[in-house]
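The values are calculated or read from the model by the stated rules, or taken from the named source; none is laboratory data. Just so we're clear, the structure is a prediction, and the values are computed from it rather than from any experiment. Heads up, the Cβs are rebuilt from the backbone with ideal geometry, glycines too, and the neighbour counts pull from every protein chain shown. Only protein heavy atoms, including side chains, enter the accessible area calculation; ligands, DNA and RNA are left aside. Shrake-Rupley method; radii C 1.70, N 1.55, O 1.52, S 1.80 Å.
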Amino acid sequence: MKKFILILLVMMLSAAGCSSASSEEKPDENIQTIGILLSDTGLGDGSFNDSAFRGLERARDELGILFDYREAPDGNFEEALEELVAQDHDLVIGLGFSIQEALEKVAKEHPKQQFLLIDGSSELDNITITFKEQEGSFLVGMVAAMKSKSNKLGFIGGADAPVIHRFEKGFEQGAKYVNPSITILKDNANNFGDAALGSSIAEKQIEQGADFIYPAAGFTGVGSIQAAQKAGIYSGGVDSDQYFIAEKSVVTSMLKKIDNAVFNLTQQLVSEGSISESSFELGLKEDGVGLAPVRITELTDEESKKIKEATDKIISGEVSIETN
């Protein structure tokens with residue numbers, strides 16, 4: 001079982017490594033501790049989980065917190081959450097909508113434990129964070145339409161779920177904001193952890209004429225991006241800046257700033273002893289989502305201006321994005 005990550009040991013051993021404590025008990029009651037259950041695909045997904053983990057690493061290094069984490073590739077989320085609760089953390093985080101049901105069940109059994117659900121909305125007395133993925137995806141859609149020569153784009157989702165629909169709807173509306181006649185090819189992988197599947201879906205869309213692939217599918221999406229690079233076409237990343245996954249394909253990424261959200265809430269927990277609000281929805285205005293640097297190709301001055309104008313209009317509410 002992985003133990004608490006102690007900042008002093010980390011500094012002695014490696015700047016980014018993890019280490020074990022000799023006990024699951026808190027070593028100091030004055031130190032805030034956090035437990036996190038990562039979503040299905042776990043660490044190394046290059047996007048969602050890795051971003052949350054970076055936020056906790058930053059909180060460890062800058063705020064002196066301790067944290068522990070669990071992965072549950074077998075889908076036994078309840079057991080993993082129970083393990084974290086047993087460690088008496090100040091906050092237990094469930095990462096991803098797929099964990100919501102298990103988190104709500106465990107929360108009912110442990111009413112004194114403070115929980116945080118990221119990427120889901122709960123009716124229980126827990127803290128929840130959701131993101132306006134549609135706003136960042138709108139901007140990716142604009143870039144895709146600006147750079148497409150075939151007027152066909154591909155979207156690949158990891159599940160039939162509201163959060164994935166927000167990616168899809170934002171991307172489509174952003175593309176049509178630039179070119180109303182553009183075509184969006186859409187496929188649902190129903191999987192977040194199969195790079196080979198993502199690659200095969202992308203290849204099918206490329207055969208149908210898509211020259212820009214945008215996957216919101218975790219590690220499955222990594223396969224899609226790599227297939228796009230192999231085919232010599234553009235793609236867009238999600239959650240983290242995925243340029244380094246395929247440096248000849250990824251033009252930009254929709255940044256879902258989970259790391260910032262986790263760090264900011266941890267900072268409030270450390271400074272105030274608790275988190276005052278119960279619900280957060282983070283979009284462009286709140287700096288919860290954004291656009292990674294545009295690489296490989298260049299935007300013209302007019303294109304850059306149009307994206308800036310659209311960003312301002314989304315923030316002001318002049319441009320609204322339908323998610324249903």
Residues that are of a type in the set (A, V, I, L, M), assigned to a helix (DSSP H, G or I) and over 27 Å from R60 (Cα atoms): does the range 289-307 have at least one? yes
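Residues are listed down the side, and each one gets a yes or a no for (1) over 30 Å from N30 (Cβ atoms); (2) out of contact with any Lys or Arg (no Cβ under 9 Å at 6 or more places or on another chain); (3) open to solvent by 80 Å² or more (accessible area, probe 1.4 Å):
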site	(1), (2), (3)
S274	no, yes, no
S278	no, yes, no
K285	yes, no, yes
L291	yes, yes, no
T297	yes, no, no
In the range 85-92, is there at least one residue being aliphatic (A, V, I, L, M) and within 30 Å of K204 (Cβ to Cβ)? no
Residues being open to solvent by 10 Å² or more (accessible area, probe 1.4 Å) and farther than 13 Å from K132 by Cβ - total across the range 245-264: 6
Of the residues in the range 81-101 that are assigned to a helix (DSSP H, G or I) and modelled with pLDDT under 95, the one that is most open to solvent (accessible area, probe 1.4 Å) is E101
Listed by range, strands (runs of 3 or more DSSP E) wholly within the range 166-243 having at least 2 residues that are open to solvent by 10 Å² or more (accessible area, probe 1.4 Å), out of contact with any helix residue (DSSP H, G or I) (no Cβ under 7 Å at 6 or more places or on another chain) and polar (S, T, N, Q) are 183-188
Which residue pairs have Cβ atoms under 8 Å apart, sit 6 or more places apart or on different chains, and have a first residue in the range 190-213 that is touching a residue at least 60 places away in the same chain (Cβ under 8 Å) and over 23 Å from L43 (Cα atoms) and a second that is among the basic types (K, R) and surrounded by fewer than 24 Cβ atoms within 10 Å (Cβ to Cβ)? A210/K152; D211/K149; D211/K152; F212/K147
